[in-house]
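The values are calculated or read from the model by the stated rules, or taken from the named source; none is laboratory data. None of the values given here were measured: they were computed from a predicted structure. Note that we place each Cβ from the backbone using ideal geometry, even for glycine, and neighbour counts take in every protein chain shown. In case anyone asks, the SASA skips ligands and DNA or RNA and just uses the protein heavy atoms, side chains included. Shrake-Rupley method; radii C 1.70, N 1.55, O 1.52, S 1.80 Å.
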Amino acid sequence: MYEIWLMLNIVVEIAWSYGPLIPVCLAAWIGLMWMARRDLRLSRVPQALILGGVTTVLAFFALPGINLSSLSDMGYWVDWFNLAGWSLTAGAMGTAVAYPLLCRLQRPTNRSASTS
């Protein structure tokens, strides 16, 4: 029970410290989606998911080092649960940002407007 309480306490403390960034990130994502609104294609979803998966794996191995810890310091299931949760969050954010960027950067060319 103590581990669960500690985990929730850590999550709340981290959320309070990064709370002001959440509306800024949300506004930036909405801006990206707005800029790419005409170019959104379902064919770009797999590419965005691959980038999100790579982000998840990188975050899984990088987050302990960022916190001045290591994977060997993770002794409780709660530690692994937190690491997996934060890594999946980073992957979801990576996917959410990559999708409109991929759609915008890989726009289909307009072949009907060719000059002869």
So for the stretch 68-77 (the condition being outside any helix (DSSP H, G or I) and either within 18 Å of the chain's Cα centre (by Cα) or on the phi > 0 side of the Ramachandran plot (or both)), does at least one residue qualify?
yes
If you take the residues of the stretch 1-51 that are assigned to a loop (DSSP other than H, G, I, E, B) and of a type in the set (D, E, K, R), which of them is farthest from GLY94 (Cα to Cα)?
ARG38
Can you name the condition, by its number, that LEU88 falls short on among (1) under 30 Å from LEU105 (Cβ atoms); (2) open to solvent by 90 Å² or more (accessible area, probe 1.4 Å); (3) modelled with pLDDT under 90?
(3)
Note on the stretch 8-27: residues open to solvent by less than 80 Å² (accessible area, probe 1.4 Å) and either touching a residue at least 12 places away in the same chain (Cβ under 8 Å) or hydroxyl-bearing (Ser, Thr, Tyr) (or both) are ILE10, VAL11, SER17, CYS25
Filter pass, ALA98 being in contact (Cβ under 8 Å) with a residue 40 or more places away in the chain, in contact with a Phe, Trp or Tyr (Cβ under 6 Å, 6 or more places away or on another chain), part of a helix (DSSP H, G or I) and over 30 Å from TYR2 (Cα atoms)
no
